[in-house]
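Engineer: My questions all concern the structure below.
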Amino acid sequence: MVLSPADKTNIKSTWDKIGGHAGDYGGEALDRTFQSFPTTKTYFPHFDLSPGSAQVKAHGKKVADALTTAVAHLDDLPGALSALSDLHAYKLRVDPVNFKLLSHCLLVTLACHHPTEFTPAVHASLDKFFTAVSTVLTSKYR
Amino acid sequence: MVHLTAEEKSLVSGLWGKVNVDEVGGEALGRLLIVYPWTQRFFDSFGDLSTPDAVMSNAKVKAHGKKVLNSFSDGLKNLDNLKGTFAKLSELHCDKLHVDPENFKLLGNVLVCVLARHFGREFTPLAQAAYQKVVAGVANALAHKYH
């Protein structure tokens, strides 16, 4: 699965539209993930996961910043995300199924906040983008 | 069986009451065919599905989306007996249509995205969680008679 030039354009323009809200959206997506898919909470026993949690917001910002980095390096995701890939493989070891769950909730968050921009073509490009990032983050698992 | 709290049931029916089922059906099916193009394998007779615009304006996609979502709507009225409600459709999808049940999960998640787009902030994390339970329940019910 390869990101086409059109996909890259869609992804970058979406990220431009998001602007400074990326951190908030990251937090919201995590919130949605924990509420819709409670098994994902097992990776955060050390967190306060109640609504409005400062820890979830902070973590959401971390996730969003990583995605912003990815958007800036669409031509070399493995290179740009190498350290995060190591982290997920050797330390965090989040089961791969969970990346799909967070990716879905990122799409839902973006659909909520940017209904006009979330056209079918953009929806497709973003889904491919999150899938590509997920693939890189799980690429060193074994 | 789908276990929704009273609050979740209220969220589900409250939002569904405001949904234009015919339109949302077409949009959800259209997006499925665009975002996961391999799902087009079931629709060779639908004509032009070559671009997002072609898919979204395709009359057969709209008609079929309407059919699918009206059926889903029936499920919402029978959350306590989804397996019974969808038994015949489950047999049909296995024996005649040969649809991999994975596709029900894909469509369910696309539907959630469409609802998010329509309702915006009103589609709260709690509302989403309730709908995720429903779409999972419907997907399981449709897969139940597979053999």
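Engineer: For B:GLY17, state whether it is of a type in the set (Gly, Ala, Ser), away from chain A (no Cβ under 14 Å) and on the phi < 0 side of the Ramachandran plot.
Structural biologist: yes
Engineer: Which fully enclosed helices (runs of 4 or more DSSP H) of the range B:41-147 have 2 or more residues being more than 14 Å from chain A (Cβ to nearest Cβ)?
Structural biologist: On the way: elements: B:52-57, B:59-76, B:82-85, B:87-91, B:102-119, B:125-143.
Of the helices (runs of 4 or more DSSP H) lying wholly inside the range B:41-147, those with at least 2 residues that are more than 14 Å from chain A (Cβ to nearest Cβ) span B:59-76, B:82-85, B:87-91, B:102-119, B:125-143.
Engineer: Quick one: count up the residues across the range A:113-126 that are part of a helix (DSSP H, G or I) and out of contact with any Ser or Thr (no Cβ under 7 Å at 6 or more places or on another chain).
Structural biologist: Adding up the residues that qualify gives 6.
Engineer: Looking at the structure I just gave you, is A:THR39 among the polar types (S, T, N, Q), under 18 Å from A:VAL108 (Cβ atoms) and out of contact with any Ser or Thr (no Cβ under 6 Å at 6 or more places or on another chain)?
Structural biologist: Values: among the polar types (S, T, N, Q): yes; under 18 Å from A:VAL108 (Cβ atoms): yes; out of contact with any Ser or Thr (no Cβ under 6 Å at 6 or more places or on another chain): yes.
For A:THR39, the condition - among the polar types (S, T, N, Q), under 18 Å from A:VAL108 (Cβ atoms) and out of contact with any Ser or Thr (no Cβ under 6 Å at 6 or more places or on another chain) - is met.
Engineer: Also, I was wondering about something else. Quick check on this structure: which one of B:SER45, B:SER57, B:SER13 is surrounded by fewer than 19 Cβ atoms within 10 Å (Cβ to Cβ) and either aromatic (Phe, Trp, Tyr) or in contact (Cβ under 8 Å) with a residue 60 or more places away in the chain (or both)?
Structural biologist: Numbers: B:SER45 fails: either aromatic (Phe, Trp, Tyr) or in contact (Cβ under 8 Å) with a residue 60 or more places away in the chain (or both); B:SER57 fails: either aromatic (Phe, Trp, Tyr) or in contact (Cβ under 8 Å) with a residue 60 or more places away in the chain (or both).
Going through B:SER45, B:SER57, B:SER13 in turn, just one is surrounded by fewer than 19 Cβ atoms within 10 Å (Cβ to Cβ) and either aromatic (Phe, Trp, Tyr) or in contact (Cβ under 8 Å) with a residue 60 or more places away in the chain (or both): B:SER13.
Engineer: Moving on. Scan the range A:38-65 for residues that are more than 9 Å from A:GLY26 (Cβ to Cβ) and among the aliphatic types (A, V, I, L, M) and jot them down.
Structural biologist: A:LEU49, A:ALA54, A:VAL56, A:ALA58
Engineer: Could you pull out every one of the helices (runs of 4 or more DSSP H) wholly within the range A:1-112 that has 2 or more residues that are crowded, with 21+ Cβ neighbours inside 10 Å and touching a Cys at 6+ places or on another chain (Cβ under 7 Å)?
Structural biologist: Qualifying helices (runs of 4 or more DSSP H): A:22-36.
Engineer: Moving on to the next point. Taking B:GLY14 and the conditions (1) small (Gly, Ala, Ser); (2) under 16 Å from the mean Cα position of the chain (by Cα); (3) closer than 21 Å to B:GLY137 by Cα, which numbered condition does it fall short on, given that it satisfies the others?
Structural biologist: (2)
Engineer: Would you check if there is a residue in the range A:79-102 being touching a Ser or Thr at 6+ places or on another chain (Cβ under 9 Å), in contact (Cβ under 8 Å) with a residue 12 or more places away in the chain, within 14 Å of chain B (Cβ to nearest Cβ) and not hydrophobic (A, V, I, L, M, F, W, C)?
Structural biologist: Yes.
Engineer: Write out, first by first residue and then by second, each pair whose Cβ atoms fall under 8 Å of each other, whose residues are 6+ apart or on separate chains, and whose first residue, in the range B:106-120, is at positive phi while the second is part of a helix (DSSP H, G or I).
Structural biologist: Partner pairs satisfying both residue conditions: B:GLY120/A:CYS112; B:GLY120/A:HIS113.
Engineer: Still on this model: Could you pull out the residue among A:PRO51, A:PRO45, A:PRO120 that is modelled with pLDDT under 95 and within 14 Å of another protein chain (Cβ to nearest Cβ)?
Structural biologist: Exactly one of A:PRO51, A:PRO45, A:PRO120 is modelled with pLDDT under 95 and within 14 Å of another protein chain (Cβ to nearest Cβ), namely A:PRO51.
Engineer: Then there's this: Do we have A:ALA29 as in contact with a helix residue (DSSP H, G or I) (Cβ under 8 Å, 6 or more places away or on another chain), among the aliphatic types (A, V, I, L, M), within 20 Å of A:VAL136 (Cβ to Cβ) and within 14 Å of chain B (Cβ to nearest Cβ) here?
Structural biologist: Yes: the conditions hold for A:ALA29.
Engineer: Mind telling me which of the residues A:ALA111, A:ALA64, A:ALA83 ends up being at pLDDT 95 or above and farther than 23 Å from B:CYS113 by Cβ?
Structural biologist: A:ALA83
Engineer: Something else now. Out of B:LEU4, B:LEU89, B:LEU97, report the one residue that is surrounded by fewer than 17 Cβ atoms within 10 Å (Cβ to Cβ) and among the aliphatic types (A, V, I, L, M). Lay out the reasoning, then the answer.
Structural biologist: Numbers: B:LEU4 fails: surrounded by fewer than 17 Cβ atoms within 10 Å (Cβ to Cβ); B:LEU89 fails: surrounded by fewer than 17 Cβ atoms within 10 Å (Cβ to Cβ).
Of B:LEU4, B:LEU89, B:LEU97, the one residue that is surrounded by fewer than 17 Cβ atoms within 10 Å (Cβ to Cβ) and among the aliphatic types (A, V, I, L, M) is B:LEU97.
The values are calculated or read from the model by the stated rules, or taken from the named source; none is laboratory data. Fair warning: this is a prediction, and the values are worked out from it, not measured in the lab. All Cβ positions, even for glycine, are placed from backbone atoms using ideal geometry, and neighbour counts span all protein chains on display.
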